[in-house]
Structure formats: structure tokens, C-alpha cells
1. Take residue 143 and tell me if it is outside any helix (DSSP H, G or I) and either touching a residue at least 40 places away in the same chain (Cβ under 8 Å) or touching a strand residue (DSSP E or B) at 6+ places or on another chain (Cβ under 6 Å) (or both).
2. In the stretch 158-179, how many residues are farther than 15 Å from residue 114 by Cα and at pLDDT 95 or above?
3. Is at least one residue of the stretch 12-26 out of contact with any strand residue (DSSP E or B) (no Cβ under 7 Å at 6 or more places or on another chain), touching a residue at least 12 places away in the same chain (Cβ under 8 Å), closer than 30 Å to residue 168 by Cβ and not in a loop (DSSP other than H, G, I, E, B)?
4. Can you find a residue that is surrounded by 15 or more Cβ atoms within 10 Å (Cβ to Cβ), farther than 18 Å from residue 75 by Cβ and at pLDDT 95 or above anywhere in the stretch 124-140?
5. Within the set of pairs 6 or more residues apart or between chains, which connect a residue that is closer than 15 Å to residue 172 by Cβ inside the stretch 42-64 to a residue that is outside any helix (DSSP H, G or I) with Cβ atoms less than 9 Å apart?
6. Does residue 138 satisfy the criteria of being assigned to a helix (DSSP H, G or I) and within 12 Å of the chain's Cα centre (by Cα)?
7. Given the structure, is residue 77 at negative phi and in contact (Cβ under 8 Å) with a residue 40 or more places away in the chain?
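The values are calculated or read from the model by the stated rules, or taken from the named source; none is laboratory data. Keep in mind that what you see is a predicted model, and the values were worked out from it rather than measured. So basically every Cβ, Gly included, is an ideal-geometry build from the backbone, and we count neighbours across all protein chains shown.
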């Protein structure tokens with residue numbers, strides 16, 4: 001009788017753990033897509049953007065949505081894996097802090113480039129965005145190698161975007177300054 005009760009309790013506990021994991025995954029996707037949505041709302045492909053000269057190798061504008069959706073999906077899964085692997089509140093705060101900083105820097109880049117129409121300022125800021133991705137990859141490695149590896153494409157893409165940003169500044173600068 002005790003064996004059955006223990007197994008039933010274990011089964012119930014496993015079910016509850018699985019339910020919590022699914023809820024956390026939902027939160028990871030929600031937070032990742034909210035970040036993407038804010039960045040997307042700041043991205044205005046209007047006359048100013050289309051008047052810019054771009055390097056010949058720039059991917060078509062339609063590709064950016066697919067690329068960013070893939071990256072934000074991988075970020076959500078990465079964040080969820082890291083959160084699941086974090087065994088203490090301090091580790092969970094570290095995971096949240098690394099992803100939170102990265103989200104803010106991602107949004108700031110979009111605001112600088114598109115909203116303020118300052119690719120030159122965005123070029124400076126992209127260094128910090130790239131460093132935050134590196135901090136994520138390194139900072140999550142001990143918690144979950146998969147969480148880190150899922151972010152490699154993000155680092156590669158932001159590296160490509162930084163070169164594109166730099167060449168756009170070279171082709172179009174100087175930009176009118178506030179100072």
C-alpha cells in the first residue's frame with residue numbers, strides 16, 4: 001500500500017513539475033516576443049530608411065523578420081533552459097539579469113537606428129549589445145550548454161548586422177548632430 005502511495009505522490013509531483021516547466025516556457029516566449037514587439041514597433045521602414053544607401057550585400061528587408069523571429073524564439077528556449085537549470089535564487093537572478101540587460105540593449109539599438117534615425121549612434125551601441133550576447137553565452141555555459149549554444153546564431157547575426165550598420169554609416173554619414 002505504501003509503495004502505491006509513494007508512486008502516486010511521485011507521479012503527482014512530476015506532473016506539477018512539468019506544469020511549472022510549461023508555464024515557465026510560456027513566460028520565456030512572452031518576454032522574448034514582447035522584446036521583439038517593442039523593437040519591431042520602433043522599426044520604421046519609411047522614406048528615411050529607403051533613402052539610405054545600403055551595401056550591395058544587404059539581405060532583403062523581408063529576411064529580417066524571419067531572422068529576428070528565429071533569434072527571439074531561440075532566445076526564449078535558451079532562457080527557459082537556463083532558468084530550469086538554475087538551482088538557486090541567485091542563479092535565477094543572474095539569468096534574468098543577463099537576458100533583461102540584453103533585451104534593453106536590443107530595444108535601444110532599434111530606437112537609435114530607426115526612431116532617432118541615428119545609425120551612427122546605433123553603431124556605438126551595437127558594441128554593448130554584442131557584449132551582452134557574449135555575456136549571455138559565457139554566463140549561461142555552466143548552467144546549460146544548450147542554452148549557451150542556442151545563442152550563437154544571435155551573436156553571429158548581430159555581428160553581421162554591426163558590419164551592415166557600419167557600412168551604412170560609411171555610405172550615408174555624417175548624420176546631423178544634436179551636439
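1. On the way: outside any helix (DSSP H, G or I): yes; either touching a residue at least 40 places away in the same chain (Cβ under 8 Å) or touching a strand residue (DSSP E or B) at 6+ places or on another chain (Cβ under 6 Å) (or both): yes.
Yes.
2. Result for the stretch 158-179: 7.
3. If we filter the stretch 12-26 for residues that are out of contact with any strand residue (DSSP E or B) (no Cβ under 7 Å at 6 or more places or on another chain), which is where we start, we get 12-26.
With touching a residue at least 12 places away in the same chain (Cβ under 8 Å) added as a condition, the list becomes 21, 24-25.
From what is left, the residues that are closer than 30 Å to residue 168 by Cβ are none.
No: zero hits.
4. Yes, that holds for at least one residue.
5. Hits for this filter: 48/117; 49/43; 49/117.
6. Details: assigned to a helix (DSSP H, G or I): yes; within 12 Å of the chain's Cα centre (by Cα): no.
No.
7. On the way: at negative phi: yes; in contact (Cβ under 8 Å) with a residue 40 or more places away in the chain: yes.
Yes, satisfied.
Residues checked against (1) closer than 20 Å to residue 105 by Cβ; (2) surrounded by fewer than 13 Cβ atoms within 10 Å (Cβ to Cβ):
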{"residue": "145", "(1), (2)": "no, yes"}
{"residue": "148", "(1), (2)": "yes, no"}
{"residue": "154", "(1), (2)": "yes, no"}
{"residue": "161", "(1), (2)": "yes, no"}
{"residue": "164", "(1), (2)": "yes, no"}
{"residue": "172", "(1), (2)": "no, no"}
